[in-house]
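Engineer: Would you mind keeping the following structure in view while I ask a few things?
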Amino acid sequence: MSGAGRPAAGWVTAVLAVAVAVLGLSAVYGRQVPRIKMRTGGREGRVIRIQVLNGSGEGGVGSRAAAFLREGGFHVVEVGNAELSDYPATLVVARAADPAAARSVARYLGGLPVIRQVWSSDLAEVTVVLGKDSGRLKLEP
């Protein structure tokens, strides 16, 4: 009976060896592959914080846009629905006095229009409102 337990012990050892090898390779890969550099804007060089609001009426487009922005190095702090669901066009809103951050986001999304609506908020300095034309955005890297 004691011999029946040995093949299982060998299998467990092999699985653990593979797991250790994968973890080791993962650690090496994490150090060697460059990470996405966070995009900065403004005079302080701060990471651009973005609020994404879906005003298109199409489900899931806000999450797709947020993922695309995150892959581009932006810091998406909130994803939600806009108060209205019938915005005709997608736009970028500059929430800070300096619109440089909003212009950077607009360029990344394909040259969207930027409007200024300054407010004092620690949440985000840029708001992206997705409109009915959001299907024309290339939300793939």
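The values are calculated or read from the model by the stated rules, or taken from the named source; none is laboratory data. All values reported here derive from a predicted model rather than from experimental measurement. Please note: Cβ atoms are built from the backbone with ideal geometry, for glycine as well, and neighbour counts cover all protein chains shown.
Engineer: If only one of Ala106, Ala66, Ala101 is surrounded by 20 or more Cβ atoms within 10 Å (Cβ to Cβ), of a type outside the set (Val, Ile, Thr) and in contact with a Pro (Cβ under 8 Å, 6 or more places away or on another chain), which one is it?
Structural biologist: Of the residues listed, the single one that is surrounded by 20 or more Cβ atoms within 10 Å (Cβ to Cβ), of a type outside the set (Val, Ile, Thr) and in contact with a Pro (Cβ under 8 Å, 6 or more places away or on another chain) is Ala106.
Engineer: Moving to a separate point now. Determine which member of the set Ala97, Ala102 is out of contact with any strand residue (DSSP E or B) (no Cβ under 6 Å at 6 or more places or on another chain) and either of a type in the set (A, V, I, L, M, F, W, C) or not in a helix (DSSP H, G or I) (or both).
Structural biologist: Testing whether each residue is out of contact with any strand residue (DSSP E or B) (no Cβ under 6 Å at 6 or more places or on another chain) and either of a type in the set (A, V, I, L, M, F, W, C) or not in a helix (DSSP H, G or I) (or both) leaves just Ala97.
Engineer: Since Asn81 meets every condition but one in (1) modelled with pLDDT of 95 or more; (2) within 16 Å of the chain's Cα centre (by Cα), which condition does it not meet?
Structural biologist: Unmet for Asn81, out of (1) modelled with pLDDT of 95 or more; (2) within 16 Å of the chain's Cα centre (by Cα): (2).
Engineer: Can you pull out every residue in the stretch 108-141 that is of a type in the set (D, E, K, R) and within 16 Å of the chain's Cα centre (by Cα)?
Structural biologist: Once the filter is applied, which keeps residues that are of a type in the set (D, E, K, R) and within 16 Å of the chain's Cα centre (by Cα), the stretch 108-141 yields Glu125, Lys138, Glu140.
Engineer: Of the residues that make up the stretch 88-97, is at least one exposed (fewer than 13 other Cβ atoms within 10 Å of the Cβ), within 15 Å of Ser63 (Cα to Cα) and touching a residue at least 12 places away in the same chain (Cβ under 8 Å)?
Structural biologist: No, the conditions are met nowhere in the stretch 88-97.
Engineer: Considering only residues of the stretch 21-58 that are at pLDDT 80 or above and among the β-branched types (Val, Ile, Thr), which is surrounded by the fewest Cβ atoms within 10 Å (Cβ to Cβ)?
Structural biologist: Out of the qualifying residues, it is Val22.
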